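S.K.: Just passing along the structure, written as structure tokens.
The values are calculated or read from the model by the stated rules, or taken from the named source; none is laboratory data. Predicted model, so just to flag it, every value in this text is computed and none were measured. Ideal geometry is used to build each Cβ from the backbone, glycine not excepted, and the neighbour counts take in all protein chains shown. Quick note on the areas: whole protein, heavy atoms, side chains included, nothing else; ligands and nucleic acids left out. Shrake-Rupley method; radii C 1.70, N 1.55, O 1.52, S 1.80 Å.
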Amino acid sequence: MKNKGLLFVVSGPSGVGKGTICQEYVKTHDDSVLSISATTRAPREGEKHGVNYYYITNEEFEAGIAKGEFLENAVFCGNRYGTPKKAVLEMLESGKNVILEIEVQGAMQVRSHYPEGVFVFVIPPSLKELENRLRGRNTETDDVIKKRLERAKQEFALCEKYNYILMNDNLGDALSKLEAIMKAERCYMPRNIEFIKKEFC
Ligand code: ADP
Ligand code: 5GP
């Protein structure tokens with residue numbers, strides 16, 4: 001019997017390192033894939049359509065919502081972001097674990113439709129380090145960085161809605177912890193009971 005994949009939602013304040021963790025994770029774990037979101041934000045230098053995001057217009061985004069194409073969607077610091085539903089469901093069906101690297105409003109929408117998902121909140125070792133990482137990335141203006149740090153406070157307030165807290169101090173340690181979470185979740189009793197009943201009872 002082929003197991004369906006598990007859905008992992010990874011959130012946390014901008015600059016904490018979620019993107020780095022998730023991209024590194026899927027490079028070395030071929031049982032897991034990263035969902036590619038749609039956004040109305042402009043591409044950063046080096047980002048590619050269909051690789052980092054699907055860069056679409058506001059009108060295209062609204063049409064996607066009207067057609068029910070998103071599993072969740074949210075506005076973050078003035079831009080819209082959404083998870084394409086069909087691709088995620090197909091990847092889960094094919095047995096892959098799917099990682100959604102999304103902000104908290106979207107994560108809460110996923111939790112309400114898909115409570116069997118695993119919700120992971122990434123935290124930095126300190127607020128100062130969060131700011132250093134956001135500035136060090138050098139991809140946002142000062143004004144946008146301020147907005148993102150302000151927004152981080154609202155995000156931390158929602159961390160209790162998540163199943164796991166992942167401190168991203170050292171990247172290697174963070175990757176090991178994510179791997180441990182994924183392995184433990186596979187072994188979680190309710191995810192195995194159907195197989196046990198069918199096979200042994
Ligand atoms: P997010 O996706 O959460 O917005 P990024 O993955 O873009 O954050 O990471 C923000 C910056 O922090 C990047 O420059 C990245 O290289 C750096 N970074 C990520 N993880 C760590 C870490 N453990 N220690 C130091 N810097 C890190
Ligand atoms: P960035 O502009 O830095 O790429 O992303 C900004 C925020 O949007 C990050 O917190 C990121 O996790 C989140 N994000 C990316 N894709 C999605 C998505 O599809 N849905 C939601 N709700 N948030 C997303």
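S.K.: Please get the size of the charge dipole for the range 45-143, origin at its Cα centre, with Cβ charges of +1 on Lys and Arg and -1 on Asp and Glu, quoted in debye to the nearest 20.
M.R.: So the dipole magnitude of the range 45-143 works out to roughly 280 debye.
S.K.: Could you point to the residue in VAL16, TYR114, ASN79 farthest towards the positive end of the chain's charge dipole, with +1 and -1 charges on the Cβ of Lys/Arg and Asp/Glu respectively?
M.R.: The residue sitting most towards the positive pole is TYR114.
S.K.: State, as an integer percentage, the relative contact order of the chain based on alpha-carbon contacts under 8 Å between residues 6 or more apart.
M.R.: Contact order relative to length: 30 percent.
S.K.: Antiparallel versus total DSSP beta bridges in the chain: what percent is that, nearest 5?
M.R.: Around 30 percent antiparallel, to the nearest 5.
S.K.: Suppose all protein chains stay in the model; what accessible area per residue would a 1.4 Å probe give for the chain, in Å²?
M.R.: Heavy-atom SASA per residue in the chain reads 55 Å².
S.K.: Also, quick follow-up: Can you give the helix-only mean residue ellipticity at 222 nm for the chain, where every DSSP H stretch with n ≥ 4 adds -39500 (n - 2.57) and the sum goes over all residues, rounded to the nearest 500 deg cm²/dmol?
M.R.: -13500 deg cm²/dmol
S.K.: Counting only C-alpha contacts under 8 Å and six or more residues apart, can you give the relative contact order of the range 15-124 as a whole percent?
M.R.: Relative contact order of the range 15-124: 31 percent.
S.K.: With the crude spin-label approximation of a point 7 Å out along Cα→Cβ, what separation in nm comes out for ALA42 versus ASN58?
M.R.: Result for the modelled spin labels: 1.5 nm.
S.K.: Determine the share of the chain's accessible area contributed by carbon and sulfur atoms, expressed in whole percent, with a 1.4 angstrom probe.
M.R.: Ligands and nucleic acids excluded, carbon and sulfur reach 53 percent.
S.K.: Under a 5 Å amide H to amide H cut-off, with H placed in plane at 1.01 Å, what residues pair with PHE119 once short-range neighbours are removed?
M.R.: VAL9, ASN163, TYR164
S.K.: Distance in nm between label sites at ARG135 and GLU116, each 7 Å beyond Cα in the beta-carbon direction?
M.R.: Result for the modelled spin labels: 4.6 nm.
S.K.: Compute the semi-axes of the equivalent ellipsoid of the range 80-158, taking the square root of 5 times each eigenvalue of the Cα gyration tensor, and list them largest first in whole Å.
M.R.: Working through the eigenvalues yields semi-axes of 29, 14, 12 Å.
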